Amino acid sequence: MTTDAIAVSSGRPFYITTPIYYVNDRPHVGSCYTTIVADCIARFMRLAGRDVFFLTGTDEHGQKVEKSAAEKGKSPQELADENARHFREAFEFIGSTHDDFIRTTEDRHEKQVQEVLKALIASGDIYLGEFEGWYDEGQEEYVTENQARERDYTAFNGKPLVKATEQNYYFRLTKYWDRVRKLIEENETFVRPAGKRSEVLGRLKDEARDVPVSRTNFSWGIPVPGDEQHVTYVWIDALMNYMTALGKIDEGFGGVGGSRQKYWDGSGEVVHLIGKEILWFHAVIWPALIMALEDAGRDDLKLPTTVYAHSFWIREGKKMSKTLGNFIDLETIHAYCDRYGLDAFRWYMLTQGPLSATDADFAYEHFVEVYNADLANGFGNAHSRVTNMIAKYFGGEVPLQEENADLGVDWPATIAQKTAEAVSAMGAVDVAGALKAGLEVSNAVDLFINETAPFRLAKDEANLPRVGTILYQCAEALRIAAVLMRPAMPDAMDAALERLGSPIRDGQTLQDLTRWGLLRPGTSVEKGDALFPRADAKDPEPSGVKTGA
Ligand code: ME8
């Protein structure tokens, strides 16, 4: 995915996905994070005129869910229903604009996964074999002898690895190993960011091995067609969601006719946004599966454009875990949003989050610092200065500009440059970079006010035309800053635009909205309460009240 390929263009499809989340647990800051990032990209791309499809959902099969349900005295389906509802509610709460929410226990998904299994068993790329190895029960994956030794025979969750022998169905990954390596080597943007790509290429230097794709030690999963004592390994089942939701395997089961085919037919980009711990599955096993399907005659199926693996939120330098009890859970997220607003929470997630190769620390003091700097003293302050002065000096109407006034800032050029920066950053999945471009416009307005001092000039009535020119430029630049920051903070930026008399109308695109001079003199401007009231770090950290398991 080059920057150019993804850039603004009318109507071209853009498909973005999050991982589907396990229903053995409730949503937390991690699942909310990936979904917020995907949402921000989806909103930006829609505004840029792309035909976007944004998918999220839940991963409901597997041993982990079966065990977790048993511990809670529930059936796996009951637990899945309950937690899928929590995920839906959480994603609605954080303002996610996903177009579909897929659940792997849905008929449309199960039927298509069984078709895939049948096709691959028939082509010989899935076969019955025997295996002994080190198994990570938490991750539901086998690790090689080398990896097991390196980790001191400890699983990802800190428990010991177990030695397991099984007769299983296997996927012939060995057959596709070199093709996948070549794909990643020759295509710099298939796995992003660059550091993650190198990690995967490093692992691909190891000896190739086939991967088990079925289990017999639990039953909560999709039965292997023709050999029902085996259930499909959760990973194969889960990865297929990206295609089954579009009806790519069989549109008859997609339940949407052929209307979603265009989102993955080679005419646009397909971006899988994931966390770093599931990169191997997405960067290696997933393309290999698609290649195997191609070999089995499904040459209509395409590879994704980019697998983007972000790092993790940690808490005060430590990994977040249930054992440490230091998770930013939903209740805490609600408490933050109650105090600072959902938009501020999204802003923090998006601008300070671990999208790069390093983990990001969620720390209260840091949250307050960023909130005050960017929002209360940044955009919010610039907005209230400008709307207040327009109210005070021009009766709340956007003033006229003087002809040929040169106030030292070439706004049209600045805006064109910042918009281009935002588009190119978003195309490279650099969400923080894209949002920074908007914030820089609003910071430039603040500086411009300090330098041109309209509040001082206004003391002499003769200067009012000059003051008007300054305030027109401020209001127009702030309008555009709000447009650029809106994918992160839809409600707050809509309020800001509303007060500038410039709500976004249906059908308006980024290109229309970032055109300098759209704001008409005479437009009514409203001043109002602070968009982002200042925060005080001396207040205790917001904390949520637990509402059950
Ligand atoms: O792995 N910081 O589901 P899952 C940032 N069902 N993101 C985090 C995070 C953290 N501390 N913790 C979790 C699964 N995430 C499989 C996926 S996809 C075909 C199947 C996010 O419920 C991050 O996106 O364990 C990570 O990849 C995902 O939650 C894992 O969710």
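Within the shell of other residues whose beta carbon sits under 14 angstrom from the beta carbon of Pro521, the net charge comes to -2, with Lys and Arg scored +1 and Asp and Glu -1. Summing charges over neighbours of Val191, with a neighbour being any other residue whose Cβ is under 14 Å away from its Cβ, gives +3 when K and R count +1 and D and E count -1.
Label the stretch 12-310 by shape, choosing from rounded, prolate and oblate, from the square roots a ≥ b ≥ c of the eigenvalues of the Cα gyration tensor; if a/c is under 1.5 it is rounded, and otherwise prolate applies when a/b is larger than b/c, oblate when it is not. Since a/c stays below 1.5, the shape of the stretch 12-310 is classed as rounded. Helix 381-394 sits at what angle to the longest principal axis of the chain, using alpha carbons and giving 0 to 90 degrees rounded to 10? Long axis of 381-394 versus the principal axis of the chain: about 30 degrees.
An oblate overall shape is assigned to the stretch 1-131, the ratio a/c of its alpha-carbon gyration tensor axes (a ≥ b ≥ c) being 1.5 or greater and a/b not exceeding b/c.
Taken over the Cα atoms of the stretch 362-513, the convex hull encloses 122 Å³ per residue. Close amide H contacts of Ile314 (hydrogens built in the peptide plane, cut-off under 5 Å, sequence separation of 5 or more or a different chain): Ala360, Asp361, Phe362. Sorting His310, His366 on solvent-accessible area from highest to lowest, probe radius 1.4 Å, gives His366, His310. Computed from Cα atoms, the angle from the helix 431-452 axis to the main principal axis of the chain rounds to 10 degrees.
Other residues whose C-beta falls under 9 angstrom from the C-beta of Trp313 contribute a net charge of -1, scoring Lys and Arg +1 and Asp and Glu -1. Sites counted here are trypsin sites (Lys or Arg not before Pro) in a DSSP loop (not H, G, I, E or B) having no more than 11 other Cβ atoms within 10 Å; the longest part of the chain that contains none of them is 1-204. Rounded to the nearest 10 square angstrom, Glu78 shows an accessible area of 100 square angstrom against a 1.4 Å probe.
When Rg and Dmax are taken over the Cα atoms of the chain, they come to 26.0, 90 Å. Translational diffusion coefficient of the stretch 285-363 (Stokes-Einstein, Kirkwood radius from Cα pairs, 20 °C, 1.002 mPa s): 137 µm²/s. In this simple spin-label model, placing a label point 7 Å from the Cα along the Cα-to-Cβ direction at both Asp460 and Glu397 gives a separation of 2.6 nm. Mean residue ellipticity, 222 nm, helices only, the chain: the sum of -39500 (n - 2.57) across DSSP H runs of n ≥ 4, divided by residue count and rounded to 500, is -13500 deg cm²/dmol. Along the stretch 323-330 the Karplus relation, 6.51 cos²θ - 1.76 cosθ + 1.60 evaluated at θ = phi - 60°, assigns HN-Hα couplings of 4, 6, x, 10, 5, 7, 8, 4 Hz to successive residues, with x for each Gly and Pro.
Within the accessible area of the stretch 12-310, what % is carbon and sulfur when the probe is 1.4 Å and the other protein chains stay in place? Looking at the stretch 12-310 in its full context, I get 46 percent from C and S. Would you mind checking the tilt of helix 464-485 against the longest principal axis of the Cα atoms of the chain, expressed as 0 to 90 degrees and rounded to 10? Once rounded, one gets 10 degrees. For Lys459, the lysines whose Cα comes closer than 24 Å to its Cα, not counting residues fewer than 8 places off in the same chain, are Lys392, Lys527.
The values are calculated or read from the model by the stated rules, or taken from the named source; none is laboratory data. Nothing here was measured: the structure is a model prediction, and the numbers come from that model. Glycine also receives a Cβ, built like all others from the backbone with ideal geometry; neighbour counts cover every protein chain displayed. Heavy atoms of the whole protein, side chains included, go into the accessibility calculation; ligands, DNA and RNA do not. Shrake-Rupley method; radii C 1.70, N 1.55, O 1.52, S 1.80 Å.
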